[in-house]
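What follows is a set of notes on a single structure, which appears directly below.
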Number of protein chains: 6
Amino acid sequence: MDHDKLLDLLLETATLKRMPRTGWAMRGVPHVESVAEHSFGTALVALALAEAAAVEEQAGPFDMEQVLIMALLHDLAEARLTDLPVSAVRLVPPEVKSQAEAVAISDLLAPLPGAGQLIALWQAFEDGSTPEGRLVRDADKLEMMVQCLRYEQAGCRGLDEFWQAIDGHRWHYDLSAGLYRRLQAIRPRADA
Amino acid sequence: MDHDKLLDLLLETATLKRMPRTGWAMRGVPHVESVAEHSFGTALVALALAEAAAVEEQAGPFDMEQVLIMALLHDLAEARLTDLPVSAVRLVPPEVKSQAEAVAISDLLAPLPGAGQLIALWQAFEDGSTPEGRLVRDADKLEMMVQCLRYEQAGCRGLDEFWQAIDGHRWHYDLSAGLYRRLQAIRPRADA
Amino acid sequence: MDHDKLLDLLLETATLKRMPRTGWAMRGVPHVESVAEHSFGTALVALALAEAAAVEEQAGPFDMEQVLIMALLHDLAEARLTDLPVSAVRLVPPEVKSQAEAVAISDLLAPLPGAGQLIALWQAFEDGSTPEGRLVRDADKLEMMVQCLRYEQAGCRGLDEFWQAIDGHRWHYDLSAGLYRRLQAIRPRADA
Amino acid sequence: MDHDKLLDLLLETATLKRMPRTGWAMRGVPHVESVAEHSFGTALVALALAEAAAVEEQAGPFDMEQVLIMALLHDLAEARLTDLPVSAVRLVPPEVKSQAEAVAISDLLAPLPGAGQLIALWQAFEDGSTPEGRLVRDADKLEMMVQCLRYEQAGCRGLDEFWQAIDGHRWHYDLSAGLYRRLQAIRPRADA
Amino acid sequence: MDHDKLLDLLLETATLKRMPRTGWAMRGVPHVESVAEHSFGTALVALALAEAAAVEEQAGPFDMEQVLIMALLHDLAEARLTDLPVSAVRLVPPEVKSQAEAVAISDLLAPLPGAGQLIALWQAFEDGSTPEGRLVRDADKLEMMVQCLRYEQAGCRGLDEFWQAIDGHRWHYDLSAGLYRRLQAIRPRADA
Amino acid sequence: MDHDKLLDLLLETATLKRMPRTGWAMRGVPHVESVAEHSFGTALVALALAEAAAVEEQAGPFDMEQVLIMALLHDLAEARLTDLPVSAVRLVPPEVKSQAEAVAISDLLAPLPGAGQLIALWQAFEDGSTPEGRLVRDADKLEMMVQCLRYEQAGCRGLDEFWQAIDGHRWHYDLSAGLYRRLQAIRPRADA
């Protein structure tokens, strides 16, 4: 194993601390979270969902190791690609974006001995092809709405599009859907 | 002409004030300029180049109206696409990026009566197919290096890649090449 | 032409990227735009107004080159003077401010071959003495209110003074007045 | 399980995105990372270390699930306690700090079904009482120095104390010590 | 007197310009004031209270020198301890916090010839044991609420806890209580 | 005494927390201190100078109450005028600036019973007409250079002009001059 390449990976992924989540910036949110912050949040939400699902849903139990790896890696490609907002995604063919992400993630993770397995986990997240992948897909969306609510509780406005987009989203697990409904319920009144 | 669509254009392009120039952010620059700031700078640099070229180069005179419109619009598509850094551009086929930008710019400018001509000017910048387009291409690069020098004069480090990338750049006009060499000459010493 | 002085101009005007529009800062706006961002926005608004006026108003057509130069240069003196808010302007005799701006702009633009003509255009903007100057004066105000609305849409409050000040403003063109009324109409409700 | 309390946990831990790592702020670092960003980085470093150790060290294999949970939770108490810099830690008896953290972490994690096990993992990190706990302790320090190097590569100075403090640190694994030495080797020269 | 130690004091206390008031950050306030800014504000409020009390209350007159020194020094220990929010204070025994602050303040002020008297004034503020100490305690709270109102006037929300905490506060002087009630009266409506 | 006007004063002067010290911003300093932070620093430096002078210089003793009031109020007018950098001051006749400041300070302090005396103190600072006024003038400059050194220690460059300007400054007290020379001595090497 090449230690210099391992360090390159660690130094390059630190870039995610400076990558803004562009969707917030475009709506004028003043203090925009980074992709690293969102990824941390997603891992915590995924941990909580996996824990809760274990006692509540028929689904599960979930492989926690897989869940956490997926959450940590799900946006890693953005260290090179940056965070493309919805308005950009609409302009790029989906297969081009998928392909670009797959190349980025493979290249980034290459220095790790278990790169093959990690890439397979990332792909399972992308495709939602395993129970764990689907759980982390829910966690990714739920974390976004937790942050959205935090912004609104702090006075940010103009974020209705986020709620509307999620309203049309199909949650993979009832637990996620239920938590999202509670988030909606504690949202500051729309006319406030 | 639809005034509401005209206002939508003005409101949406204000987004460029919040779009960071991602190349700087990735290298840890603390106070990252926006695409709007870069576009303003490019227009000023283009104005100065066109003025100076008029008395110095065989090339020219340049149509100043075209020069300024190109400078103002050259990154307008980033209001939807965001500013893709080199590491992202490498992962996307060039024709996909060009196509996405062309769609964005056409859609954004549609509310304006002279949209067709403006889009044609933007295309001439993209292709470098007119003297004015080539001048603004130089202005775009020169402005980036003016800002790079400002960052370095203020203590930023780790920006060598920008200078190296430009060293391999082919300037369209001797005037631009000469100004760039002077920028290099006043750069803080590499080991400082 | 002295190339070093030309570069000095480009390096110094990059300062406008770090000059805050102080009126916003004084009311607690969290993410204050720079003078460079406002100038870029003004140039876009002026471009849109000139385009639209060409098909709508009796006034016009406008000399687009003059319009864009005025928009780009209208706040250039602030690279030295900074952006004085209303509360400061009230404390300084108007002729002192005009004189300071005129000296700054003349000194800044001196390295350019066409400095005389550029300064004359800036003066025409200051005095509103040409149709183009009056159009850019409208653009300057309209851009401010576009940004004000963006701030309010994002949750900022305490900006009523800006709307009140503009309500007493005399627009030079019906087109500008009409666009402003539409901005007012889409403003978030005052008690929200 | 109480879903409202689960949401409270998710909303409260989002606070870590706004908690600055105070050690950097005290030395004048301009863009201070958040505790959430550091925790994300620590999880990535821990993942890399566990992967690499599996093929290099006699130690291991490591339980990856435990490693990742520890990394994600190791600073969670700071959502209430904030990040205390060295100068503050010196002023507070260690047992008071430990006790405060233990209360905070227990209280925060209480809504989760597996709270008991999670708290035990956090304690094992605190005490360095398991191979996984010691690995994450190394990851915590190594991530800090990766970020420190990023700051220095970007031009930050005045961070010598961080390197000196770590020079006296006893790494638990040769792999971590080796990676740290490589970080030192690529550090910008001290007099630069 | 040791001039190098005197400079160390001046350099170290400049750290307070980079110390955020963490209570605001935890509620998502975008532009968080520093401890230095709060201390400046407290000194101004204390000056105003002392002036006003001199003509209004039976209490007083106050020793203005003592009042201003207390206001300037009241949070000086935070240069080492940082600003602990309510959630942290709850987790630390009060005598531990007091002791830590006393050690920090004594150590910081040691280079000054009159350190003993300054420390005694700081203690009188801590204990509220003199009329001046009680006045500055009121100023500290009143300044916090002035800033809170400024945040709310600018659109920040989610700060109700601050008002509720102060509602249970016992003001030492009627003047302070009266000014606080006026602050409440001009607060933007709770449902707005 | 009008309590509403007193509150207006407190609310308006909180604006100084958002007023940047423009000289730093113009040179690209990333994290620009506010006028409130500088004023706090000046009060601490003035306190230290007055304490130290009492045991070292023939001059003195100083009236500490006057010293602290002057330091707190010396830039208060900037709540309306903003902080004019050297490049702006050169463009405005000195008597216009003095007059504007005098009007602003008189108007701001008017709600206080002792306004007359406070304004007289501010004038004594402006004119350097008392020993206390001259001491605070030294503190104002010394604080600026303490902050300048902090910026340089953190990696900022391009601040030579500040040192050069102060080198030509005439210190009123040997103590200030001596402390400044020590600041110079610990400055990071110019070529570093």
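The values are calculated or read from the model by the stated rules, or taken from the named source; none is laboratory data. Bear in mind the structure is a predicted one, so any value in this text is a computation, not a measurement. Cβ atoms come from the backbone with ideal geometry, glycine included; neighbour counts cover every protein chain shown. Accessible surface areas use protein heavy atoms only, side chains included; no ligands, DNA or RNA. Shrake-Rupley method; radii C 1.70, N 1.55, O 1.52, S 1.80 Å.
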Check: chain A dipole with +1 on Lys, Arg Cβ and -1 on Asp, Glu Cβ, in debye: 740
Size of charge dipole - region A:152-191 - debye, nearest 20, with Cβ of Lys, Arg +1 and Asp, Glu -1, no other charges: 140
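To one decimal place, what Kirkwood hydrodynamic radius in Å is obtained for region D:16-113 from all pairs of distinct Cα atoms?
In region D:16-113 this quantity evaluates to 15.2 Å.
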Shielding by partners, peptide D:172-180 (average Cβ within 10 angstrom, other chains): 1
Of all accessible heavy-atom area on chain A, the percent that carbon and sulfur account for (1.4 Å): 48
For residue D:110, inter-copy label distances in nm, listed shortest first [label point 7 Å out on the Cα-Cβ vector]: 4.2, 5.1, 5.6, 5.6, 7.2
Chain A: calculated mean residue ellipticity at 222 nm from DSSP helix runs of at least 4, using -39500 (n - 2.57): -20500 deg cm²/dmol
Helix B:94-109 axis, angle to chain B major axis (alpha carbon atoms, nearest 10°): 50
Those trypsin sites (Lys or Arg not before Pro) in region C:155-192 that DSSP places in a loop and that have at most 13 other beta carbons within 10 Å: C:170, C:189
Nearest beta-carbon to the D/F symmetry axis - residue in chain D, distance in Å: D:30, 2
Across the identical copies, how the residue B:98 labels are spaced - nm, sorted shortest first, 7 Å along Cα→Cβ: 2.6, 5.2, 6.6, 6.6, 7.6
Per-residue average of Cβ from other chains inside 10 Å of D:77-85: 5
Cα long-axis angle, helix D:115-127 against chain D (0 to 90 degrees, to the nearest 10): 30
Cα centroid separation - region E:3-82 against region A:87-108, whole Å: 52
Computed E for residue F:127/residue C:90 - FRET, C-beta separation, R0 22 angstrom, nearest 0.05: 0.35
Net charge dipole size for region F:1-78 [Lys, Arg +1 and Asp, Glu -1 on Cβ; Debye, nearest 20]: 440
Low-density loop cleavage sites - trypsin sites (Lys or Arg not before Pro) in region C:31-99, where at most 12 other Cβ are within 10 Å (DSSP): none
Anchor residue B:17: lysines whose Cα lies under 24 Å away (excluding residues fewer than 8 positions away in-chain): A:17, B:5, B:97, B:141, C:17, C:141, D:17, F:17
Angstrom value of the Kirkwood radius, inverse mean 1/r, which spans all Cα pairs in chain D: 17.6
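Report, as an integer, the average count of C-beta atoms from other chains found within 10 Å of each Cβ along E:106-113.
Per residue, the number of nearby Cβ atoms from other chains is 3 on average.
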Rounded to 10°, Cα long-axis angle of helix A:3-13 versus longest principal axis of chain A: 20
Extent along principal axes [Cα atoms of region D:95-170; Å; largest to smallest]: 46, 23, 23
Buried area at the A-B interface (accessible, heavy atoms, 1.4 Å probe, summed, Å²): 1800
Accessible surface of residue F:137 - all protein chains present, 1.4 Å probe, nearest 10 Å²: 80
